Amino acid sequence: MFRRQDQILVGVSGGKDSLTLWQGLVALGYQADGIFIDLGIEDFSLPSRRIAENFAEKIGRPLHIISMKKELGFTIPDLKVRTQKYCSLCGSVKRYFLNHLARRMGYQVLVTGHNLDDEASSLLGNVINWHLKYLARKYPVLPEGHGFVRKAKPLCRFTAFEIREYAKRKGIEYLEDRCPLSPEATRLVYAEIMDQLEKKMPGTKLRFYLDYIRKAYPIFHEKMEDFLDKPLITCELCGEPAVSSPCFVCRLKEEARA
Ligand code: SF4
Ligand code: ZN
């Protein structure tokens, strides 16, 4: 996923997964800094940010803070008023900033705290809906190139339970609360189905995920270009990889200014 000398940027949310990941990397001697994106969500963004800042101080590593309001001129609650698709836009905006800033600040690898439960339930969702373009990119490490930095999910084999136990034993203070704007519904259904399967057939989550990676991913990945809606180009305004120019973030910025 990365080499000892790589400069690593950890996407930090203030939850157990990202803080455990950050703690683990630093304890193992990696040069890992954090990045927190303040989405401007009332009673959620501020406590998350405080926890992330305290943690950064505790482990003695820099934490970069990005304010969505400052960068884009609006927050996620502002976006929620304008569109029902605020959650998927929020995910895309976060991915955009993580990549954009990792590149701008010279980090070689961007890591996130996705765990086995996240990966297995989203894989199930992608299989049930045959989201081929997502299946073709569902891998614990994606190489750099086409304007993207290398991305990795080092905790993808660990369950949420294991990570929570680790965090408790290491005395990591994290935010338990979920985002209050999360529509939950669909994602939770897949997570519940995976939990039921795991209960009846222990080991199912790991087997489902790892067998996908070993047996099915290479087949989907080989056809990736065929599954993309549009080929990737470069946004003429911000220089990020995009399917249109200006990219969706630059267009959102323009709309906010209008
Ligand atoms: Fe953003 Fe909250 Fe949706 Fe997560 S649940 S993508 S933080 S709005
Ligand atoms: Zn752009």
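The values are calculated or read from the model by the stated rules, or taken from the named source; none is laboratory data. On a predicted model such as this, the values are computed, not experimentally measured, just so you know. FYI the Cβ positions are ideal-geometry reconstructions off the backbone, even for glycines, and counts take in every protein chain you see. These area figures cover heavy atoms from the full protein model, side chains too; ligands, DNA and RNA do not enter into them. Shrake-Rupley method; radii C 1.70, N 1.55, O 1.52, S 1.80 Å.
Does LEU89 satisfy the criteria of being part of a helix (DSSP H, G or I) and farther than 25 Å from MET1 by Cβ? Please lay out each step first, then the result.
Values: part of a helix (DSSP H, G or I): yes; farther than 25 Å from MET1 by Cβ: yes.
Criteria met by LEU89.
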> Within the bounds of segment 41-50, is there any residue that is in contact (Cβ under 8 Å) with a residue 24 or more places away in the chain and of a type in the set (Asp, Glu)?
Replying inline: yes
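For TYR166, indicate whether it is away from ligand 2 (no atom under 16 Å from the Cβ), open to solvent by less than 60 Å² (accessible area, probe 1.4 Å) and either at pLDDT 95 or above or out of contact with any Ser or Thr (no Cβ under 7 Å at 6 or more places or on another chain) (or both). Give the steps one after another, and end with the answer.
Numbers: away from ligand 2 (no atom under 16 Å from the Cβ): yes; open to solvent by less than 60 Å² (accessible area, probe 1.4 Å): no; either at pLDDT 95 or above or out of contact with any Ser or Thr (no Cβ under 7 Å at 6 or more places or on another chain) (or both): yes.
It is false that TYR166 is away from ligand 2 (no atom under 16 Å from the Cβ), open to solvent by less than 60 Å² (accessible area, probe 1.4 Å) and either at pLDDT 95 or above or out of contact with any Ser or Thr (no Cβ under 7 Å at 6 or more places or on another chain) (or both).
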>> For segment 115-155, give me each residue that is among the β-branched types (Val, Ile, Thr) and not in a loop (DSSP other than H, G, I, E, B).
In response: VAL127, ILE128, VAL141
>> Would you confirm, using the coordinates I've provided, whether LEU19 is part of a helix (DSSP H, G or I) and more than 18 Å from the chain's Cα centre (by Cα)?
In response: no
> Out of segment 36-59, which residues are open to solvent by 30 Å² or more (accessible area, probe 1.4 Å), assigned to a helix (DSSP H, G or I) and among the hydrophobic types (A, V, I, L, M, F, W, C)?
Replying inline: LEU46, ILE59
> Restricting the search to segment 90-107, which residues are without any contact (Cβ under 8 Å) to a residue 12 or more places away in the chain and farther than 12 Å from LEU39 by Cα?
Replying inline: ARG95, ARG104
>> Against the conditions (1) away from ligand 1 (no atom under 16 Å from the Cβ); (2) in contact with a helix residue (DSSP H, G or I) (Cβ under 9 Å, 6 or more places away or on another chain); (3) more than 29 Å from GLU144 (Cβ to Cβ), where does THR186 fall short? Just the number, please.
In response: (1)
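Take ARG257 and tell me if it is more than 16 Å from ligand 1 (Cβ to nearest atom), open to solvent by 60 Å² or more (accessible area, probe 1.4 Å) and not assigned by TED's automatic domain parsing to the domain that holds ILE51. Steps first, answer last, please.
Details: more than 16 Å from ligand 1 (Cβ to nearest atom): yes; open to solvent by 60 Å² or more (accessible area, probe 1.4 Å): yes; not assigned by TED's automatic domain parsing to the domain that holds ILE51: yes.
Answer is yes for this residue.
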> Taking the stated definitions as given, is VAL243 closer than 21 Å to MET68 by Cβ and touching a Lys or Arg at 6+ places or on another chain (Cβ under 7 Å)?
Replying inline: no
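Within segment 60-86, track down each residue that is in contact with a Ser or Thr (Cβ under 7 Å, 6 or more places away or on another chain) and open to solvent by 40 Å² or more (accessible area, probe 1.4 Å). Break it down into steps so the answer makes sense when it comes.
Kept after step one, since they are in contact with a Ser or Thr (Cβ under 7 Å, 6 or more places away or on another chain), are these residues of segment 60-86: 68-69.
Listed by number, the list holds a single entry, LYS69.
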> Are any of the residues in segment 234-251 surrounded by 13 or more Cβ atoms within 10 Å (Cβ to Cβ), outside the structural domain of ASP117 (by TED's automatic domain parsing), within 16 Å of ligand 1 (Cβ to nearest atom) and not aliphatic (A, V, I, L, M)?
Replying inline: yes
>> I'm told LYS230 meets every condition in (1) surrounded by 14 or more Cβ atoms within 10 Å (Cβ to Cβ); (2) part of a loop (DSSP other than H, G, I, E, B) except one. Can you identify the failing condition by its number?
In response: (1)
> Among the listed residues CYS250, CYS238, which satisfies the condition of being assigned to a helix (DSSP H, G or I) and near ligand 2 (Cβ under 9 Å from one of its atoms)?
Replying inline: CYS250
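Scan segment 22-35 and give yes if some residue there is within 16 Å of ligand 1 (Cβ to nearest atom), open to solvent by less than 70 Å² (accessible area, probe 1.4 Å), closer than 20 Å to PRO183 by Cα and modelled with pLDDT of 95 or more, otherwise no. Walk me through it before giving the result.
Narrowing segment 22-35 to residues within 16 Å of ligand 1 (Cβ to nearest atom): 35.
From what is left, the residues that are open to solvent by less than 70 Å² (accessible area, probe 1.4 Å) are 35.
Then drop every residue that is not closer than 20 Å to PRO183 by Cα, which leaves none.
No, segment 22-35 has no match at all.
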> Restricting the first residue to segment 241-252 and requiring it to be under 15 Å from PHE97 (Cβ atoms), which pairs with a second residue that is among the charged types (D, E, K, R) and away from ligand 1 (no atom under 16 Å from the Cβ) meet a Cβ separation below 6 Å and a spacing of at least six or different chains?
Replying inline: CYS247/GLU240
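Can you confirm whether GLN108 is at pLDDT 95 or above, in the same structural domain as VAL12 (by TED's automatic domain parsing), open to solvent by 60 Å² or more (accessible area, probe 1.4 Å) and among the polar types (S, T, N, Q)? Walk me through how you get there before you give the answer.
Working: at pLDDT 95 or above: yes; in the same structural domain as VAL12 (by TED's automatic domain parsing): yes; open to solvent by 60 Å² or more (accessible area, probe 1.4 Å): yes; among the polar types (S, T, N, Q): yes.
In short, yes.
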